[in-house]
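As C-alpha cells, the structure follows; a few thoughts come after it.
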Amino acid sequence: MAAILRLNYTSVSEFILIGFSTFPHLQLMFFLLVLLMYLFTLLGNLLIMATVWRDRSLHTPMYLFLCALSISEVLYTFAIIPRMLADLLSTNRSISFMACASQMFFSFTPGFTHSFLLTVMGYDRYVAICHPLRYNVLMSPRGCACLVAWSWAGGLVVGLVVTSSIFQLTFCGSNEIHYFGCHVPPLLKLACGNVSTVAMGVGLVCITALLGCGVLILLSYAFIVAAILRIPSAEGRHKAFSTCASHLTVVVVHYGFASVIYLKPKGPQSLEGDTLMGITYTVLTPFLSPIIFSLRNKELKIAMKKTFFSNFYPSSI
C-alpha cells in the first residue's frame, strides 16, 4: 500500500488530531457515550451475523446481504472508533502519516461498500415484489455472491482512489487536523500548492458513488410502490411493504446523515459543528442500523429469540 500512496515523509511525518480539543470538559462524557454505543453496535451486528449463520431458515438472499452489511459496519467502526476512544482519554493525539492513510483507506472502503450493499438490498426487494416468480432465478446463490463481491470491489476501488489521491499530495507547515480522524476536507486544507484538481476529483468520486446508489434505490422503490399499489387487499399491501420497511428506514438514516457530511454547502464551518456532525455519522448511524433491522424484522427477531434467548422466553417461541 505504501507504494500506491507514494508517501512523503520529508515534509510532515505525523498529524495531530484536534477535533476534541474544543470540548475539554465533555471528553469523559463523550468517551462513555461513544464506548457504550460502539459496544452495542458490535454486539448487535455480531448477533445478526450469528443468528443468520445458525438459523437455516434465514439462508436467503436478503439475510446474506444483511450479514455482508453487518460486516461492513463492524469494519468501518473498527477503523475509526477505537482511535477516537483513545484520543478522548489521551493528551497525545498524534497519528503517523502511514496510520492516517491506513485509517482513511480502511474507513472509506467499508463505508462505500455499505452504500453499494444498501443498493443491492433495494434491488433484492424490487425483484421479490415486482418479479416474485423469477426471484429464485434472478437472485440465485451465485448471483447473490457476485453482487456482494462487486459491492466490496466497488468500495475497495473508491477507498484506493480517494486515499491515493489525498496522500500523493505534499503536506507542509501545520500538521493539525481539525477533526477527530483522517478525513478528506481537513487534510486538503493542510496540503501545499494548488489542490483544487484533487479536491474536485475526490469530491466527484464520492458524490457520484453516493448519488448513483441513491438514484438506483429510489428507482427500485418507485417500481416497488407501483407494484404494491396494484395489490387489491390492504393486508397484501401491508405484508409487501413490511418486507421493505427496515431497509428503507436504514437507507433514510444512512443517506440523511451522509448528505450532511458530503453534500453540505461550502462556507465557514466551526470545529465544534464539524466534530459533532462527524460523530453523529460515524457513531450514531452504525448504532441505529442493527436496532432497526432487529426490531422491524419480525422473522429475524423470532430467530434471535429462538437461537439465543429460548431459555429466557420459552413461551414466546
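Observations on the structure shown:
- For Rg and Dmax of the Cα atoms in Å, calculated from these coordinates, the label among [x] 19.0, 62; [y] 21.3, 70; [z] 19.0, 74: [y]
- For Val12, nonlocal amide neighbours, meaning residues 5 or more places apart or on other chains whose placed amide H falls under 5 Å from its own, are Phe171.
- The range 66-188 - convex hull of the alpha-carbon atoms, volume per residue in Å³: 110
- Ligands, DNA and RNA left out, the accessible area of the range 22-131 computed with a 1.4 Å probe is 75% carbon and sulfur.
- Per-residue ellipticity at 222 nm, computed for the chain from helices alone with -39500 (n - 2.57) per DSSP H run of at least four residues, works out to -24500 deg cm²/dmol.
- Cross-link reach list, aspartates and glutamates versus Lys306, counting only Cα pairs under 20 Å and skipping chain neighbours closer than eight places: Asp55
- Helix screen, the chain: DSSP H segments with Cα axial length of 30 Å or more and mean Kyte-Doolittle hydropathy at least 1.6 are 27-54, 196-229.
- Candidate aspartates and glutamates - alpha carbon under 14 Å from Lys239, same-chain residues fewer than 8 apart omitted: Glu299
- Rotationally averaged projected area of the range 82-153 (alpha carbon convex hull; nm²): 6.5
- In this Cβ point-charge picture (+1 for Lys and Arg, -1 for Asp and Glu), the range 48-181 has a dipole of about 360 debye about its Cα centre.
- In the full protein context, the range 145-227 carries 46 Å² of accessible surface per residue, based on a 1.4 Å probe and ignoring ligands, DNA and RNA.
The values are calculated or read from the model by the stated rules, or taken from the named source; none is laboratory data. Remember, it's a predicted structure, so these values are computed and weren't measured experimentally. Because the Cβ atoms are built from the backbone with ideal geometry, glycine has one as well, and the counts that use them run over all protein chains shown. These accessible areas exclude ligands, DNA and RNA; they are computed on the full protein's heavy atoms, side chains included. Shrake-Rupley method; radii C 1.70, N 1.55, O 1.52, S 1.80 Å.
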